[in-house]
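> Handing you this structure, nothing more for now.
The values are calculated or read from the model by the stated rules, or taken from the named source; none is laboratory data. Quick caveat: nothing in here was measured; it's all calculated off a predicted structure. Neighbour counts are summed over all protein chains in view; Cβ atoms, including those assigned to glycine, are modelled from backbone coordinates with ideal geometry.
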Amino acid sequence: MNATIIHISDLHFHTYPHNFREWKSKRVLGAANLLLRRAGQFPLQRAKRLVEQIQKMKWDHLVISGDLTQLSLEREFALTRETLEPLLKDPERVTIIPGNHDRYIQQDEKPDLYKKYFGEFFGGAEIHVRKLNPDWVIVGWDSAHPNDWLSAAGTVRRSTIQATENLLRSFPEKTRFVIVNHYPLTFPEGWKLDQFHELYNLVPVRNWILRHPNIRLYLHGHIHLNWLHRLQRDSAPELLLVNSASSTSTLYRGQKSSFHQIDLQEDKVRVCPIMLK
Ligand SMILES: [Fe+2]
């Protein structure tokens with residue numbers, strides 16, 4: 001049985017802080033960064049076009065791998081929800097996880113704004129689980145947490161790994177899994193790794209995934225450069241790692257895709273790069 005996933009990421013909906021409370025701490029830095037660099041990169045019109053384009057496509061499941069917003073402002077979450085609404089009619093067909101920009105500063109509110117606006121696409125459990133068909137299961141992780149001023153890093157919690165390990169054991173041996181997490185596990189050749197921008201526990205998490213041959217796909221965002229990477233395993237199928245960030249950003253020179261369509265057919269995975277029209 002076939003299943004088609006549309007994978008988008010890092011939409012970065014933005015508004016500007018209005019009052020002193022919103023301007024506090026790290027948001028000043030983020031807002032300055034936004035004003036200088038990002039506002040022109042993520043016009044709302046591109047996000048609306050992306051929604052229209054995806055509405056016209058045939059798919060079974062939509063994955064958004066974090067960074068819905070820029071500064072975690074409530075108006076940004078509301079704007080994101082309103083714009084994406086045509087794609088969110090059936091929560092069973094949508095997986096949305098948070099990125100570091102959705103947990104930009106410590107929020108007093110419980111549940112936090114990501115959960116308030118998108119909780120139905122993750123839920124209250126440690127991991128988010130959706131069965132695509134008898135062969136494939138999607139598992140969403142929440143590794144985004146607030147940091148100090150100069151860090152954008154995340155952490156996959158021990159409890160997340162444990163819950164995933166238990167889940168894997170609960171399915172028949174032939175089941176294949178797709179992990180959705182905001183942060184990359186691989187980088188382009190020659191990439192200068194910044195430990196304060198990536199997963200704090202990147203290497204153990206990557207090794208853990210490689211030890212589980214039924215995890216065939218890893219969908220992420222965070223670095224705004226679409227790519228498809230492959231990690232070989234010794235005597236098991238390879239792991240495909242797909243980066244769909246950023247699906248709404250204006251295009252840099254040479255960019256060949258804005259997001260991906262992923263077709264799963266029994267054991268086969270086909271990843272198609274798609275350009276935002
Ligand atoms: Fe990010």
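> Applying the selection to the range 220-237, what residues are within 16 Å of the ligand (Cβ to nearest atom) and part of a strand (DSSP E or B)?
220, 227
> Would you check if there is a residue in the range 194-201 being under 16 Å from residue 160 (Cβ atoms) and either surrounded by 20 or more Cβ atoms within 10 Å (Cβ to Cβ) or more than 18 Å from the chain's Cα centre (by Cα) (or both)?
Yes, the range 194-201 contains a residue that is under 16 Å from residue 160 (Cβ atoms) and either surrounded by 20 or more Cβ atoms within 10 Å (Cβ to Cβ) or more than 18 Å from the chain's Cα centre (by Cα) (or both).
> Considering 174, 116, which residue is out of contact with any His (no Cβ under 7 Å at 6 or more places or on another chain), closer than 20 Å to residue 262 by Cβ and either away from the ligand (no atom under 16 Å from the Cβ) or in a helix (DSSP H, G or I) (or both)?
174 is the lone residue from the list that is out of contact with any His (no Cβ under 7 Å at 6 or more places or on another chain), closer than 20 Å to residue 262 by Cβ and either away from the ligand (no atom under 16 Å from the Cβ) or in a helix (DSSP H, G or I) (or both).
> Check the range 247-256 and report whether any residue there is surrounded by fewer than 18 Cβ atoms within 10 Å (Cβ to Cβ), touching a residue at least 60 places away in the same chain (Cβ under 8 Å) and of a type in the set (Ser, Thr, Tyr).
Yes, the range 247-256 contains at least one residue that is surrounded by fewer than 18 Cβ atoms within 10 Å (Cβ to Cβ), touching a residue at least 60 places away in the same chain (Cβ under 8 Å) and of a type in the set (Ser, Thr, Tyr).
> Working carefully through the options 222, 229, find the one that is touching a residue at least 12 places away in the same chain (Cβ under 8 Å) and at negative phi.
229
> Name, by its number, the condition in (1) in contact with a Pro (Cβ under 8 Å, 6 or more places away or on another chain); (2) within 21 Å of residue 163 (Cβ to Cβ) that does not hold for residue 218.
(1)
> Do you know which residues across the range 126-155 are within 16 Å of the ligand (Cβ to nearest atom) and closer than 30 Å to residue 2 by Cβ?
140, 141, 142, 143
> Go through (1) among the acidic types (Asp, Glu); (2) in contact with a strand residue (DSSP E or B) (Cβ under 8 Å, 6 or more places away or on another chain); (3) more than 25 Å from residue 274 (Cβ to Cβ) one by one and return the number of the condition residue 238 breaks.
Status for residue 238: all satisfied but (3).
> Now for a different question. Consider residue 64 against the criteria (1) within 16 Å of the ligand (Cβ to nearest atom); (2) modelled with pLDDT under 90: it satisfies all of them except one. Which criterion is unmet?
The single condition residue 64 does not satisfy is (2).
> Now for a separate question. Which number in (1) surrounded by fewer than 18 Cβ atoms within 10 Å (Cβ to Cβ); (2) in contact with a Gly (Cβ under 8 Å, 6 or more places away or on another chain); (3) within 25 Å of residue 225 (Cβ to Cβ); (4) not hydrophobic (A, V, I, L, M, F, W, C) marks the one condition that residue 100 misses?
Unmet condition: (1).
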